[in-house]
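Only one structure is covered here, and it is reproduced in the block below.
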Amino acid sequence: MIESLNHLPHPRDNAATLADNFSDLAPPLNDRQARLESSRCLYCYDAPCVNACPSEIDIPSFIRNIHQENIQGAAQTILSANILGGSCARVCPTEVLCQQACVRNHHQECAPVLIGQLQRYALDNANFDAHPFQRAAATGKRVAVVGAGPAGLSCAHRLALHGHDVVIFERCEKAGGLNEYGIAKYKLVDDFAQREVDFLLQIGGIEIRHGRTLGVDLTLTELRQQFDAVFLGLGLAASRQLGMADETAPGMLAATQFIRELRQADDLTKLPLADRCIVLGAGNTAIDMAVQMARLGARDVNLVYRRGHEDMGATLHEQDIAKAAQVRLMTWAQPQQVLLDDQGRVRGMRFERTHLVNGRLCATGETFELAADAIFKAIGQAFDDSALDDPMARELQRDGERIQVDGQLQTSIAGVYAGGDCTALGQDLTVQAVQHGKLAAEAIHAQLMLNVEAA
Amino acid sequence: MADLSIQFAGIKAPNPFWLASAPPTDKAYNVVRAFEAGWGGVVWKTLGEDPAAVNVSSRYSAHYGVNREVMGMNNIELITDRSLEINLREITQVKKDWPDRALVVSLMVPCVEEAWKAILPLVEATGADGIELNFGCPHGMSERGMGSAVGQVPEYVERVTRWCKTHCSLPVIVKLTPNITDIRQSARAAHRGGADAVSLINTINSITSVDLERMVALPIVGNQSTHGGYCGPAVKPIALNMVAEIARDPETRGLPISGIGGIGSWRDAAEFIALGCGSVQVCTAAMLNGFRIVEEMKDGLSRWMDSQGYKSLQDFSGRAVGNTTDWKYLDINYQVIAKIDQQACIGCGRCHIACEDTAHQAIASLKQADGSHRYEVIDAECVGCNLCQITCPVQDCIEMVVQDNGKGFLDWEHDPRNPYAVRA
């Protein structure tokens, strides 16, 4: 399964216990809970929650619809702004987005309306006879979308809505991107990512070609020639490396790779169990990795970060999830050396303690060792340059390693747009990617229709 | 501790909290439980002539608030559906066992003197403390010429009251229906007939909701419905006004009033008493919570009275009556302006959009650098209507501040802008 972890044992728990360990982290609201929670919404004017939502969902409106038992209406409001509203309801860090902005956080209550949960309730319980959006008359225009992640899917749906035909080129077997391969299992249960993709595709006019990879069997040059416009939703496909000796030793692995395996595993009992493990990093992926290994049964999970709690990319809510899973969050320590046993497998890691000197992170000179059967790297994702390897792709202006786009999500090449994590615009969040896809589709549509009128 | 005992129209009770004539006072079992719980008195559910009334199923429906709290209840129950004999026997026993509590018997018989002449001695023989004439029930019985059918015609009210005073020595309380245009007409009629007191309000004609699947109003009986009588918190404002109208009417001044309508807390009771009531009657709150609520009502009222230095209910009964007047006597020169406490403001924008869309465009929405909004009152535009304060979800965030405009008291009667002003 995962070669570098093949030497490890399997979980001690049986399948039923493991399934329970990976069940819904935040169980859905029932009707009564949703009605009570929706009644807490103050229906703010110029609502701060809407300002805080990257996909600009009209939150007061959909919550009012829930309260008035118009669940379909609520769902349509959400989906018209965010076609992946179902997964966003589950994976959005609402504690730093809409729910942080909620005016119910004020000192008299200190508790926001549970906007994410209400959004999930609306979408789980809406019962549409047919896809709630109807395509406009066919325009005859064809658009290529590279990547069937949140950005690409969102873009494709909006383009299809406007009557364009879309072909999505996707490297993996399944569509969904990080929703399918990169989110902790207990955040998106019951194959939700695929169900959402199926729903989205109901609009029609979208073809997904799997097993096609830009830079391998596909070039931007040919896409630009064959289609009226191109959208790149490439994501960040490469995992950052430590740049340290023995980084490929058995027992060393990128967290994303393990999460991907876990997400796709039909039988959790067959997964490798690192009873003692180290997770390097401090973002939500690091937390997802640490918590999932703890839920597989690992008894000694250490998440190590070179700076302090307040600098962690993971939200406080995420950190609490880790603490509840008995994950130890160690701060102010950085990897110094991978420690191997006599068979060349990981047996632990030596760290050196860090501190700030005049604002710069420095090693203190003090070191310590942690025993571990495996070390998971979650120190960030990077843009995979090999995707942009043809003559036209090499021309793309870059913003650091990522693709440069303007406010309309257009790249430096006319007719080529990009969005999601492969651009530097906004935060690296699913909901941000959905918004990029949507806005890019609107820009593409405007451009294509302008050309039609001119002609 | 303050003394909560009362003497109302000659009827003594250890506290002013009585259960109104309704299902909670239908039989000895309930009434004994109520007395055990500490209620000061009960008005026994309305007795009528035999054969006893027959009830339908179902009987109640409700109007709910946003959190499913019951704002109002609606019922289509009739008067007692037990025989007169059983009721009288139970009343006799309960009064004997609970001599210190007020036990008033509600009555409703056809609008002929013989009917009243026949039942009154029977009731008097039970040892009950008084009778209450049910001229209010707005459903069912009214179709048979009783209940609100009597209460809506002042002459009938006066006539039946007089019969009761003639054929019975007990204090007579006349229960008034709110399903009229001017409550004072009914109260004056009762007063003329010799009533010792009035009680109000009885229930208001209502339909609480409609089942949109079955296309039938609630409560449902088979495939039909009928209007019922509305009670509970939602009717309190209507009841308070009607009580005040009677309390400040020169023709009925001093007539004891037993307040009814949405009373569920000591504060509700205190408000009714402040507007002139000598006792209060409770039904819906007890039906929703059980008899135990009287504990908190007694405790709360007595502690509040202590905090105000009131030793007995007489000390504050009717104190708010003098301050309730006609619009034309209000001070036209009095002015308040909204003031938003920016520290308390949570930025929901409700005050702004309410004022902007529906009132006086007196609250500015100022966009801040961080994307949030600051809401500021434009003093020159504010008319002091209270709307912003009402829609604000934060307690004490918006204050209506009295303005010192240097103008003295001036009412409309003397305002030069009034073409019919009284010229000095």
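Things worth noting here:
- Some residue of the stretch B:311-322 being over 30 Å from the mean Cα position of the chain (by Cα) and either more than 14 Å from every other protein chain (Cβ to nearest Cβ) or surrounded by 15 or more Cβ atoms within 10 Å (Cβ to Cβ) (or both): no
- Search result, residues across the stretch A:31-60 that are within 14 Å of chain B (Cβ to nearest Cβ) and polar (S, T, N, Q): A:Q33, A:S38, A:S39, A:N51
- Where B:D50 falls short, out of the listed (1) at pLDDT 95 or above; (2) in a loop (DSSP other than H, G, I, E, B): (1)
- All positions within the stretch B:88-115 that are among the β-branched types (V, I, T), in contact with a helix residue (DSSP H, G or I) (Cβ under 6 Å, 6 or more places away or on another chain) and not in a helix (DSSP H, G or I): B:V105, B:V109
- Boolean, B:D404 is assigned to a loop (DSSP other than H, G, I, E, B), at negative phi and at pLDDT below 95: no
- Test: residue in the stretch A:216-234 that is crowded, with 18+ Cβ neighbours inside 10 Å, farther than 20 Å from A:V279 by Cα, touching a residue at least 40 places away in the same chain (Cβ under 8 Å) and basic (K, R): yes
Residues checked against (1) within 26 Å of A:A433 (Cβ to Cβ); (2) out of contact with any Asp or Glu (no Cβ under 7 Å at 6 or more places or on another chain); (3) assigned by TED's automatic domain parsing to the domain that holds A:L159:
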residue	(1), (2), (3)
A:R40	no, yes, no
A:A47	yes, yes, no
A:F62	yes, yes, no
A:S80	yes, yes, no
A:L84	yes, no, no
A:S87	yes, no, no
A:Q100	yes, yes, no
A:N105	no, yes, no
A:A111	no, yes, no
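- From the options A:I278, A:I259, residue that is under 24 Å from the mean Cα position of the chain (by Cα), farther than 30 Å from A:L356 by Cα and of a type in the set (V, I, T): A:I259
- If the condition is being crowded, with 21+ Cβ neighbours inside 10 Å, without any contact (Cβ under 8 Å) to a residue 40 or more places away in the chain and farther than 15 Å from A:P27 by Cα, then the stretch A:86-111 contributes only A:T94.
- B:M71 satisfies every condition listed in (1) at pLDDT 95 or above; (2) assigned to a loop (DSSP other than H, G, I, E, B) except (2).
- Cβ-Cβ distances below 7 Å connect the following pairs, each with a first residue in the stretch B:291-318 that is outside any helix (DSSP H, G or I), a second residue that is surrounded by 17 or more Cβ atoms within 10 Å (Cβ to Cβ) and at pLDDT below 95, and a separation of six or more residues or different chains: B:Y310/B:A2; B:K311/B:A2; B:S312/B:A2.
- Filter result for B:G38 (farther than 30 Å from B:D100 by Cβ, within 22 Å of the chain's Cα centre (by Cα) and surrounded by fewer than 22 Cβ atoms within 10 Å (Cβ to Cβ)): no
- Applying a threshold of 8 Å to beta carbon distances and a minimum spacing of six or more residues, or different chains, the list of pairs starting in the stretch B:191-215 at a residue that is touching a residue at least 12 places away in the same chain (Cβ under 8 Å) and ending at one that is surrounded by fewer than 24 Cβ atoms within 10 Å (Cβ to Cβ) and acidic (D, E) reads B:H191/B:E251; B:R192/B:E158; B:G193/B:E158.
- Boolean, A:L29 is surrounded by 14 or more Cβ atoms within 10 Å (Cβ to Cβ), more than 25 Å from the chain's Cα centre (by Cα) and of a type outside the set (D, E): no
- Residue selected from the stretch B:369-399 under the condition surrounded by 14 or more Cβ atoms within 10 Å (Cβ to Cβ), in contact with a helix residue (DSSP H, G or I) (Cβ under 6 Å, 6 or more places away or on another chain) and not polar (S, T, N, Q), by the criterion nearest to B:I340 (Cα to Cα): B:I398
- A:I78 falls short on exactly one of the conditions (1) within 10 Å of chain B (Cβ to nearest Cβ); (2) closer than 30 Å to A:D288 by Cβ, and that condition is (1).
- Listed by position, the helices (runs of 4 or more DSSP H) inside the stretch B:116-229 whose residues that are out of contact with any Lys or Arg (no Cβ under 7 Å at 6 or more places or on another chain), modelled with pLDDT of 95 or more and crowded, with 24+ Cβ neighbours inside 10 Å number at least 1 are B:154-167, B:183-192.
- Filter result (within 25 Å of A:V346 (Cβ to Cβ) and not in a strand (DSSP E or B)) within the stretch A:230-246: A:A237, A:R240, A:Q241, A:L242, A:G243, A:M244, A:A245, A:D246
- Scanning the stretch B:278-289 for residues that are without any contact (Cβ under 8 Å) to a residue 60 or more places away in the chain and either within 16 Å of B:F35 (Cβ to Cβ) or of a type outside the set (A, V, I, L, M) (or both) yields one hit, B:N289.
- Looking across the stretch A:262-275, the residues that are among the hydrophobic types (A, V, I, L, M, F, W, C), buried (at least 19 other Cβ atoms within 10 Å of the Cβ) and either under 17 Å from the mean Cα position of the chain (by Cα) or over 11 Å from A:F376 (Cβ atoms) (or both) come down to A:L262, A:L268, A:L271, A:L273.
- Here is the figure for the stretch B:74-87: residues that are crowded, with 16+ Cβ neighbours inside 10 Å and not in a loop (DSSP other than H, G, I, E, B) total 4.
- Consider the stretch A:114-169 and keep the residues that are among the polar types (S, T, N, Q) and surrounded by fewer than 24 Cβ atoms within 10 Å (Cβ to Cβ). The one that is nearest to A:I63 (Cα to Cα) is A:Q117.
The values are calculated or read from the model by the stated rules, or taken from the named source; none is laboratory data. All values derive from a computational prediction rather than experimental measurement. Cβ coordinates were reconstructed from backbone atoms using ideal geometry, including for glycine residues, and neighbour counts include every protein chain displayed.
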